[in-house]
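Only one structure is covered here, and it is reproduced in the block below.
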Amino acid sequence: MPEEIILAEAQQIARAMGAADGVETSFQMDEQTFRIFYDRTARPLWSYLYRSSGDAALADDFMQESYFRFLRARFKEMDQEYMKNYLFRIATNLLRDHWRHAKVAPQAVAGREEDGGVPTPEERGDDRLQMNSDVRRILQDLKPRERELLWLAYVEGSSHREIAQRIGLKERSIRSLLFRARHKLAALLRRQGVVSSSG
Amino acid sequence: MKPHECENESRVIEAVRSGRWDADLRRHAALCQSCADAALAARVLNEMRAFDDAEHRIRDAGFVWWKAQLLAKQAAGERATQPINFVERLACLCVVLSVAAACFWQWPVIRAWLGALAGKPASLHFGSFWGQVSGAFSAAISSGAGALTNARGPGLLLAVSAVIFLGFVAFAAYFALSER
């Protein structure tokens, strides 16, 4: 279904519900501020959720849930970085809860090729897709926390302090955890012979 | 394994992320194991990120906003109907307890009535049913009246009724005055 139709329906239902029950939703953030914040954070958050879980549908759901919980929160300060860290912390907690309650190995979740977000290499016959698939398989061999750490450090460019805030660890333990995770990933990439197109 | 972090590591990662390398840094990354690992990991992961950006369409902010509003309204609605549901359940419990208490209180009368029903021929059961019911109720009422005139009965009954009544009044007042 096209997104515009879903959006129109959602607006219609929300208006109808608001009129019917007279319930006010009081988010601390107004819509305009939210849009700006969303445009800045949605892509990184989705990638983080997707690459940590390996499941595009799950990443979609958790992204929606993360923003919902974020909007309901009350902030003492409306600092953008603080709010972004808070949002990622919510997302990380959702992932942890999912793995804890589903009682499935994160590796098993991460192995799904048919999750709807990204086409398989066979579907597209593309080298980039093949490499994406290979790397995704390699990422499955890492622990969820290692994937989270690596993603935040090397893709988001987060400092150790920010990583600690986002995934709820002590700042001083980030350095060694990150070192081990990076060493493990590099070894796996070399062993599997995965070399990026840029060399 | 002892963690070793090269001082150039952050520069290497930034160079991978931005794609701007200088010759010295590239040479260093080729020689330093720690920086080589960091560069490899950062390069591969950033390619994954670029791939996601190109392949996956993110939902519109408006959709997420409206859905969050919808969920918030739903949650608020559930919160609002919680007391009503609670009172409904409480009322059901009161009815069940009242019936059980009445049965317990009037058990001799009920037993006598059931015994009378069992003693009559089957053909008479239906015809005399209402007569027996009214008889049983009369007996119950007279027995209840007897209990009320008993020395302890009325006081206890009134006290229990007053406590339940006050409980309901307090409960109703709380929900009437509460803002939420």
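Output the residues belonging to the stretch A:65-94 that are small (Gly, Ala, Ser) and within 12 Å of the chain's Cα centre (by Cα).
Within the stretch A:65-94, the subset small (Gly, Ala, Ser) is A:66, A:73, A:91.
Result: A:Ser66, A:Ala91.
Is there a residue being among the hydroxyl-bearing types (Ser, Thr, Tyr), at pLDDT 85 or above and open to solvent by less than 40 Å² (accessible area, probe 1.4 Å) anywhere in the stretch A:140-157?
Yes, there is a match, as at least one residue in the stretch A:140-157 is among the hydroxyl-bearing types (Ser, Thr, Tyr), at pLDDT 85 or above and open to solvent by less than 40 Å² (accessible area, probe 1.4 Å).
Is there any pair linking a residue in the stretch B:76-87 that is within 13 Å of another protein chain (Cβ to nearest Cβ) to one that is surrounded by 14 or more Cβ atoms within 10 Å (Cβ to Cβ) and at pLDDT below 85, with Cβ under 8 Å and at least six apart or on different chains, and which?
Listed pairs, sorted by first residue: B:Ala76/A:Asp21; B:Ala76/A:Val23; B:Ala76/A:Thr25; B:Gly77/A:Met17; B:Gly77/A:Asp21; B:Gly77/A:Val23; B:Ala80/A:Asp21; B:Ala80/A:Val23.
For the stretch B:40-67, how many residues are closer than 20 Å to A:Leu185 by Cα and open to solvent by less than 10 Å² (accessible area, probe 1.4 Å)?
Of the stretch B:40-67, the ones closer than 20 Å to A:Leu185 by Cα are B:40-52.
Those left that are additionally open to solvent by less than 10 Å² (accessible area, probe 1.4 Å): B:41-42, B:44-45, B:48, B:51-52.
Within the stretch B:40-67, residues that are closer than 20 Å to A:Leu185 by Cα and open to solvent by less than 10 Å² (accessible area, probe 1.4 Å) number 7.
Hey, does the stretch B:37-56 have a residue that's more than 7 Å from every other protein chain (Cβ to nearest Cβ) and among the basic types (Lys, Arg)?
Here is the first cut: in the stretch B:37-56, the ones more than 7 Å from every other protein chain (Cβ to nearest Cβ) are B:39, B:50, B:54.
Retained after the next criterion (residues that are among the basic types (Lys, Arg)): none.
No - not one qualifying residue is present in the stretch B:37-56.
Can you tell me how many residues in the stretch A:135-155 are more than 9 Å from chain B (Cβ to nearest Cβ) and either part of a loop (DSSP other than H, G, I, E, B) or among the aromatic types (Phe, Trp, Tyr) (or both)?
Step one: filter the stretch A:135-155 for residues more than 9 Å from chain B (Cβ to nearest Cβ), giving A:137, A:140-149, A:152.
If we keep only those that are either part of a loop (DSSP other than H, G, I, E, B) or among the aromatic types (Phe, Trp, Tyr) (or both) as well, we get A:141-143.
Total satisfying the criteria: 3.
Within the stretch A:49-74, take every residue that is within 9 Å of another protein chain (Cβ to nearest Cβ) and in contact (Cβ under 8 Å) with a residue 40 or more places away in the chain and give me the one that is surrounded by the fewest Cβ atoms within 10 Å (Cβ to Cβ).
That would be A:Arg72.
Does the stretch A:179-190 hold any residues that are surrounded by 17 or more Cβ atoms within 10 Å (Cβ to Cβ) and either within 8 Å of chain B (Cβ to nearest Cβ) or under 21 Å from A:Tyr86 (Cβ atoms) (or both), and which are they?
The answer is A:Phe179, A:Arg182, A:His183, A:Leu185, A:Ala186, A:Leu189.
The values are calculated or read from the model by the stated rules, or taken from the named source; none is laboratory data. Everything numeric here is computed off the predicted structure, so don't read it as measured data. Note that we place each Cβ from the backbone using ideal geometry, even for glycine, and neighbour counts take in every protein chain shown. All accessible areas refer to the heavy atoms of the entire protein, side chains included, with ligands and DNA or RNA removed. Shrake-Rupley method; radii C 1.70, N 1.55, O 1.52, S 1.80 Å.
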